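Sharing a structure, written as structure tokens. Questions coming.
The values are calculated or read from the model by the stated rules, or taken from the named source; none is laboratory data. Please read all numbers here as calculations on a predicted model, not as lab measurements. Heads up, the Cβs are rebuilt from the backbone with ideal geometry, glycines too, and the neighbour counts pull from every protein chain shown. When the accessible area is computed, the model is the full protein with side chains, heavy atoms only, and any ligands, DNA or RNA have been set aside. Shrake-Rupley method; radii C 1.70, N 1.55, O 1.52, S 1.80 Å.
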Amino acid sequence: MLFNPSRDEARHFMIESWRKHQIPGLEPMTDLEKMTAAVLLRHPEYHHFLTPDYLDQDWPVEYGETNPFLHISMHLAIEEQLSIDQPFGIRALYGELCKVAGNEHDAQHWMMEGLGEMLWQAQRYGLPPDPSVYLNILRQKLPGSATNPPNQPT
């Protein structure tokens, strides 16, 4: 079953996952809630946003603000991609990115850049997202790629 929540549903889900995480054992957590809490743990700078007070908040990119809910959603999308190796080969490519980045979290942030670029290109040209564009963007972050000489991670 596809999980395609509205903006408000996704935000409520993250807030609820965090609430359940903070009181271990009080309420059972689904696997997706556990995954969400694990991602949130890696982003303490977003914890104060995990209240209903921020459900309607906007974070305009033109002001240089990062939308914490979008950021966490992208981490979750990447976690899902890795769990099912879709697009095919993403899991192996992620392993290589982890070696270059030095850790999984930074590698996922590189992947977010590639995912965002693929979506931007699709929107710009009025086409569906192209996984080969995404994979090629990620390959360019590896040493020895045509646009990234050895020992020069982006």
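Would you work out which of 75, 15, 131 lies farthest towards the positive end of the dipole of the chain? Charges go on Cβ: Lys and Arg +1, Asp and Glu -1.
131
Taking the mean number of other Cβ atoms within 10 Å as a proxy for protection, how do you rank 6-12, 52-58 from highest to lowest?
For the peptides 6-12, 52-58, the packing ranking is 6-12, 52-58.
Here's something else I'd like to know. Give me the percent relative contact order of the range 13-154, please, defined on Cα pairs under 8 angstrom at least 6 residues apart.
Dividing the mean separation by the residue count of the range 13-154 yields 14 percent.
When Rg/Rh (Cα atoms, Kirkwood Rh) is calculated directly from the model, which label among [x] 0.94; [y] 1.05; [z] 0.99 fits?
[z]
Over the range 52-92, give the accessible area per residue in Å² for a 1.4 Å probe, as an integer.
61 Å²
If packing is taken as the average number of other Cβ atoms within 10 Å across a peptide's residues, how do 103-115, 83-95 rank, most packed first?
103-115, 83-95
Could you give the dipole magnitude of the range 1-123 about its Cα centre, charging the beta-carbon of Lys and Arg +1 and that of Asp and Glu -1, in debye to the nearest 20?
Dipole size: approximately 340 debye.
Something else: So which residue, out of 17, 132, 73, gets the largest mean-square fluctuation from a GNM of the chain using Cα contacts under 10 Å as springs?
132
Let me ask you something else. Could you please state how large a percent of the accessible area of the range 1-106 is carbon and sulfur, counting protein chains only and using a 1.4 Å probe?
57 percent
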